[in-house]
Amino acid sequence: MKDEYNKLEVYIEKSMAYRQALALFEWDAQTIAPDIAMENTAKTIGILSNEYFKNMVNDEVKQLIYHLSDPKNQEELDFNQKAIVKYLKKDFDRLEPIPAEEYQAYSELSAKAMGVWVKAKNNRCFSDFEATLEEIVGYQKKFAGYRAKEGQKLYDVHLSDYEEGFDMEKLDLFFEQVKAAIIPLVKQVKEKNNLIDKSFNSLEYDIAKQKEFCDFIAEYVGFDKKKGVIAESEHPFTMEMHNKDVRITNHFQKNNLESGIFSIIHESGHAIYEMDIDDAITQTPVGCGTSMGMHESQSRFYENIIGRSEAFWVPVYSKLVETFPQQLEEISLKDFVKSLNKSEPGLIRTEADELTYSLHVMIRYEIEKMIFAGELAISDLPKVWNEKYQEYLGLTPANDDEGVLQDMHWAAGNFGYFPSYALGSAISAQIYYFMLEKMPFEKYLSEGNLSPIQEFLRQNIHKYGATKITGDILFEMMNEGLNAEYFIRYLTEKYTKLYNL
Ligand code: ZN
């Protein structure tokens, strides 16, 4: 069996090389490539993508994967090799049942869809996007139908693509619990909102100075500059080549100090996860974070649990004040930290605070469920969207740009993706309570000693990459799977204290 694995390994190494090259082009395009370069560069990317596809999707690779997936052929494979075979088989099973001409037609549709969405968004007009979205949904339903196991619901097929082991049954329960706790909390907080002042956050902050501070804070939380670089882009993101080359970006706004600081802490959380992956599996298909939900749990752990805590700012707030004395001299550490945690219902998901964020996700989850159950006509989307925002957040969008058209996910065909954001928040809270039992968490933060925290995450989560699924990693670490109670407890304790509820 070793022979078969060795043969497969040649294909894997080649495909990882293509993938890395493609990632570099993507990074380049989003950071420093000239805007008009894409016209020509797209040709190179097309050729590389095609080679990547041919290298992995062919009869020999298929035979090798199926042969090695058979338990009786796995005796000589080690843990990581088994995980790689399982990962590739899952990928194969995902693409295999889709007829090639339908896949081709869908690829052409998706290439256009993003442009149609951008235009509709600029015109603030959902009906400009409606027909395209209808087509995308049609394909996505059809594809899910090809792949569904007997009795499996279409939307569950999508959900398990992003988070293996999760389905509507689990998520309905999760969101029911979260909703029951958060909605009353949001209402109470709203009544006391004038208690917290964060007007200083929108004063003018020199961008060069912001950049200097953000570079410092990235390294402070654990972003290893020997293994990564920081650049700027329109929307902050993380992109990994392998565990010794992880890149992040930031975006600065002159009149929003918090935005740049918390974007860089968030992306650093993603990057630390990738940098901590074991050498033995980097540059293999399992040499990356295990799922979207787990990745978001790490970025949010750094951004919210660490970054928005008072203990974290104890050693570094004075440095921020020294950087911006005019704006911050009068603001105490306590008031600064309060401002970072102020909660206010809004219309835009990406600008939402910790407390209201999950409600934005829940609205999308409920709508996606209705779409895939055939209970919602695409033309009714804006209406249902606006009703749900009124119901859960007490606000109605003035137009489709700040309503149903705000996210790019549906244009990209990513259905079933949104719940991962809420799962990430919930997982991060659960890990936090577990860590409180294991270490003097706050003491470490207030001493500026973050390395024991990172080491704990590395040993229990990061190093495994995608050799284990989220549910197994959580269970092996805490003897318990995802439990929404911790997230509810975290938000309740935090906001009760913050607003004296
Ligand atoms: Zn993220």
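The values are calculated or read from the model by the stated rules, or taken from the named source; none is laboratory data. Small disclaimer: the values here were computed from a predicted structure and weren't measured. Virtual Cβ from ideal backbone geometry, glycine too; neighbours counted across all protein chains shown. The area values use the complete protein model at the heavy-atom level, side chains included, leaving out ligands, DNA and RNA. Shrake-Rupley method; radii C 1.70, N 1.55, O 1.52, S 1.80 Å.
Restricting the range 411-467 to GluC sites (Glu not before Pro) that sit in a DSSP loop and have at most 16 other Cβ atoms within 10 Å of their own Cβ leaves 447.
Helix 257-275 and the long axis of the chain differ in direction by around 40°, with both axes built from C-alpha atoms.
The separation of the range 171-199 from the range 20-38, counted between C-alpha centres, amounts to 40 Å. About its Cα centre, the dipole of the range 353-456 is roughly 260 debye, where the only charges are +1 on Lys and Arg Cβ and -1 on Asp and Glu Cβ.
Residues whose amide H lies under 5 Å from that of residue 228, counting only those 5 or more places away or on a different chain, are 246; hydrogens are built 1.01 Å from N in the peptide plane. Placing +1 on the Cβ of every Lys and Arg and -1 on the Cβ of every Asp and Glu, with nothing else charged, gives the range 147-292 a dipole about its Cα centre of roughly 440 debye. Any chance you could give the angle, 0 to 90 degrees and rounded to 10, that helix 127-147 forms with the longest Cα principal axis of the chain? Long axis of 127-147 versus the principal axis of the chain: about 50 degrees. For the range 221-237, the Karplus equation 6.51 cos²θ - 1.76 cosθ + 1.60, evaluated at θ = phi - 60°, returns couplings of 7, x, 5, 8, 5, 6, 10, x, 10, 10, 10, 10, 8, 4, 10, x, 8 Hz by residue, with Gly and Pro reported as x. Measuring between their Cα centroids, the range 403-468 and the range 290-313 lie 5 Å from each other. Each Lys and Arg Cβ is given +1 and each Asp and Glu Cβ -1; about its Cα centre, the chain then shows a dipole of about 460 debye. Restricting the GluC sites (Glu not before Pro) of the range 106-211 to loop positions (DSSP other than H, G, I, E, B) with no more than 13 neighbouring Cβ atoms within 10 Å leaves 150, 204. Take the range 168-499 with all the other protein chains still there, run a 1.4 Å probe, and you get 39 Å² of accessible area per residue.
Quick check: residue separation of residue 45 and residue 194 times 0.36 nm, minus the Cα distance between them. What number comes out in nm?
Going from the current span to full extension adds 48.5 nm.
Over the range 168-499, with every protein chain in place, what whole percent of the accessible area is carbon and sulfur at 1.4 Å, could you tell me?
Accessible surface attributable to carbon and sulfur in the range 168-499 totals 47 percent.
For the range 168-229, the set of trypsin sites (Lys or Arg not before Pro) satisfying both a DSSP loop assignment and a count of at most 10 other C-beta atoms within 10 Å is given as 225, 226. Accessible surface for the range 2-147, divided over its residues, is 61 Å² per residue with a 1.4 Å probe. Projecting the Cα atoms of 8, 87, 18 onto the charge dipole of the range 2-147 (Cβ charges, centred on the Cα centre) puts 87 farthest toward the positive pole.
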